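Comments concern the structure below.
The values are calculated or read from the model by the stated rules, or taken from the named source; none is laboratory data. Treat the numbers as computed from the prediction; the structure is a model and nothing was measured. Here the Cβ is made from the backbone with ideal geometry for all residues, glycine too, and neighbour counts use every protein chain on show. Remember, those area values only see protein heavy atoms, side chains included, never the ligands or the DNA or RNA. Shrake-Rupley method; radii C 1.70, N 1.55, O 1.52, S 1.80 Å.
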Amino acid sequence: MTRLGLAALVALAAVALLVVAGPLLWTIAPETTDPANALLGPGAAHPFGTDELGRDVLSRLLHGGQVTLLVGVAAMLAALLAGVLVGASAGFYGGWTDALLMRLTDAMLAVPAFFLILVVITVVGSSTLTLVLVIGALSWMPVARVAYGETLRWKTAEFVVAAKSLGVSPPRLLVRHILPQAVPSLVVSATLGVAYAILTESAVSYLGLGVQPPTPSWGNMLQRAQRYVFTAPALALYPGAAITLVVLAFNFLGDGLRDALDPRARRHR
Amino acid sequence: MVDGEKVGAFLARRCALGALVVLFVSALTFFFVNLAPGGPASVMRFDVTAEQREALIRSMGLDRPVPERYVAWLSGAVRGDLGTSLLTDEPVAFRIGERLPNTLVLAGTALAVSLLIGIPMGVIQALRRGGPLDHALSLLSAVGLAVPVFWLGIVLILVFAVSLQVLPSAGVASVGDDSFGDRLAHLVLPAVVLATTILPTVVRFMRSAMLEVLHEDYVRTATSKGLAPRIVVTRHALRNALIPVVSAVGALVPRLLGGTVVTEAVFGWPGMGRLALEAASGRDYPLITGITVIVAMIAVATSVLVDLSYTRLDPRVRLA
């Protein structure tokens, strides 16, 4: 893998360690309000200061990071499942299945997904689970295209044809012989998918329609922070910088994995 | 050259496909809204008796089967009637019409900004491939892809509106000032922020398309004929490299339109994105359905236009 990809992997491992182990060491609860000490600057008791309700920003960043990363990974898994199901069946069964599923994929790509997210939230209301499902349901299309291409590519490979002539059943052929070949490309696609999911989560939560307070997420921390941008600009800087860093790392990791796993894609670097 | 009849047939085919996509979106939205738990029937008022509730449901036509209601909605929609907003009792089409121009101005400017900056940036990177400038601009694109748009908006407000105080932070115009300059000043930050949703992708596409073209025989021929490098790049290479970029930009339009929601929220820009937000938090079903369908129409129409310009750029494109 490229050095940049490795650096991204190390950075992500560090962030994961920080948001998992951090709250065990820094034990101030993220929901504890202390109005007497609101909007404090960085100090010994609160290294990153406090927000407008006197809550400890460091603690909120650590807990919010857990939520943001979890939502990102969970939404990616949902998208991966849906995408593989759609793309692989389209590629494997061909004919009408192919035409129908891939035109559906095209149609979904032609629609501004963010508005569909708002449609779902209008009806179902906002919760973390809704957020995971809706991001997954609206971001499977790139995965489907990858799974489709890979399935088509391997369907006619000699070892697959051989397995087929030995009487391997179609579903088993797809799951045991074709899909394992697609894993490298799907890993790349999934890594980039986490980046997309985190950006979407933070945007929806920033709008007040995603992760609901008092549970912190990096997105919903920014919602309140904008109001205090004149008096306490640092409040807005930390969560945004954290999102940028993590998304950047996932993108670099995805690019690095692509170079390492899929030499065909290594062009014009 | 492409003859007129072929372009006409191509246009008709693309429009028909586009209409199908819009139809699909309207059906998806309508059925989801009306069938999902928590849909219109369930948020009807609870402070009434069962009989009154039933009468209310019947008066709003909610007792009829959903497919039948969809057909009724659709036949209204094609005549410009998208129903009535639950929040304000005004026609949905009227509420959207009020906000649509603002969103079109914002999204159009953002698209122009991302092309005017993205294309030269990609070309420069391709010409300086592997050099420090290429690396620096690549890093900038990577950061641009990773930065949350709304946060970029907050940071720019912090820098340009709070610290430097050179640009306004919200709205489309100052109170009592209707000059063009004032409106332009209000447009700068939102347009730049919205452009960031697609700018890094435009740069990347342009860079790789340009690199591909620079290796072509006709570019070498042009260079060996003794043409000035500037002419080779602009007349020969750029024109051909633009073809794949234009088609990629068409695919980016949905992302740009989706970005209007967050951008309009950050800058208090009274457009469709913020209207969608009001609809979502106020559970205004007819309004959110109407907005989604209109946005899908804009996205589809833009992609048809992009495809048309594609045929103008590249006469070889088969219009089949």
### Message
Can you confirm whether B:VAL166 is of a type outside the set (D, E, K, R), at the interface with another protein chain (Cβ under 10 Å from one of its Cβ atoms) and either buried (at least 16 other Cβ atoms within 10 Å of the Cβ) or free of Cβ contacts under 8 Å to residues at least 40 places away in the same chain (or both)?
### Response
no
### Close pairs (8 angstrom Cβ cut-off, 6 or more residues apart or separate chains): without any contact (Cβ under 8 Å) to a residue 60 or more places away in the chain and facing chain A (nearest Cβ under 7 Å) in the range B:291-305, open to solvent by 20 Å² or more (accessible area, probe 1.4 Å) and among the aliphatic types (A, V, I, L, M) anywhere
B:ALA299/A:ALA110
### Task
Answer yes or no as to whether A:VAL143 is among the hydrophobic types (A, V, I, L, M, F, W, C), more than 14 Å from chain B (Cβ to nearest Cβ), more than 18 Å from B:PHE32 (Cβ to Cβ) and surrounded by fewer than 21 Cβ atoms within 10 Å (Cβ to Cβ).
no
### Summary
Expected output for the range A:232-252 (first residue at the interface with another protein chain (Cβ under 7 Å from one of its Cβ atoms) and part of a helix (DSSP H, G or I), partner open to solvent by 20 Å² or more (accessible area, probe 1.4 Å) and not hydrophobic (A, V, I, L, M, F, W, C), Cβ below 8 Å, 6+ apart or cross-chain) is A:ALA236/A:GLN226; A:ALA236/A:TYR228
#### Entry: Criterion violated by A:VAL161 - all others in (1) open to solvent by 50 Å² or more (accessible area, probe 1.4 Å); (2) more than 19 Å from the chain's Cα centre (by Cα); (3) closer than 26 Å to A:LEU138 by Cα satisfied
(3)
### Breaking point among (1) in a helix (DSSP H, G or I); (2) under 30 Å from B:ALA36 (Cα atoms), for B:VAL193
(2)
### Message
Restricting to the range A:38-61, count the residues that are open to solvent by less than 60 Å² (accessible area, probe 1.4 Å) and either without any contact (Cβ under 8 Å) to a residue 24 or more places away in the chain or of a type in the set (S, T, N, Q) (or both).
### Response
7
### Query
Would you pick out the residues in the range A:1-52 that are assigned to a helix (DSSP H, G or I), modelled with pLDDT under 80 and closer than 25 Å to A:LEU70 by Cα?
none
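Okay, residues lined up against (1) surrounded by fewer than 16 Cβ atoms within 10 Å (Cβ to Cβ); (2) under 18 Å from the mean Cα position of the chain (by Cα):
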| site | (1), (2) |
| --- | --- |
| A:PHE92 | no, no |
| A:TRP96 | yes, no |
| A:ALA99 | yes, no |
| A:VAL111 | no, no |
| A:ILE135 | no, yes |
### Query
What are the pairs, 6+ residues apart or on separate chains, where a residue within the range B:49-64 that is in a helix (DSSP H, G or I) has its Cβ under 9 Å from a residue that is at pLDDT below 70 and open to solvent by 90 Å² or more (accessible area, probe 1.4 Å)?
B:GLN52/B:ARG45; B:ARG53/B:ARG45; B:ARG53/B:PHE46; B:LEU56/B:ARG45
### Task
Inspect all residues belonging to the range B:228-240 and state whether any of them is closer than 25 Å to B:ARG312 by Cα and within 12 Å of chain A (Cβ to nearest Cβ).
no
## Note on the structure
Considering residues that are among the β-branched types (Val, Ile, Thr) and more than 23 Å from A:LEU39 (Cα to Cα), the number found within the range A:198-227 is 3
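Within the group A:GLN226, A:GLN181, which residue is of a type in the set (S, T, N, Q), surrounded by fewer than 23 Cβ atoms within 10 Å (Cβ to Cβ) and within 8 Å of chain B (Cβ to nearest Cβ)? Before the answer, list the steps.
Details: A:GLN181 fails: within 8 Å of chain B (Cβ to nearest Cβ).
Checking each option against the conditions leaves just A:GLN226.
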### Summary
Taking first residues from the range A:93-117 that are within 29 Å of B:LEU256 (Cβ to Cβ) and second residues anywhere that are of a type outside the set (D, E, K, R) and assigned to a loop (DSSP other than H, G, I, E, B), the pairs with Cβ under 6 Å that are 6 or more apart or on different chains are A:ALA113/A:LEU138; A:LEU116/A:LEU138
### Message
Just to verify a result, which residue in the range A:184-211, among those that are within 12 Å of chain B (Cβ to nearest Cβ) and open to solvent by 20 Å² or more (accessible area, probe 1.4 Å), is farthest from A:MET141 (Cα to Cα)?
### Response
A:GLY208
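Go through the residues of the range B:128-145 one by one and say whether even a single one is assigned to a helix (DSSP H, G or I), facing chain A (nearest Cβ under 9 Å), closer than 27 Å to B:VAL249 by Cα and open to solvent by less than 30 Å² (accessible area, probe 1.4 Å).
Within the range B:128-145, one or more residues are assigned to a helix (DSSP H, G or I), facing chain A (nearest Cβ under 9 Å), closer than 27 Å to B:VAL249 by Cα and open to solvent by less than 30 Å² (accessible area, probe 1.4 Å).
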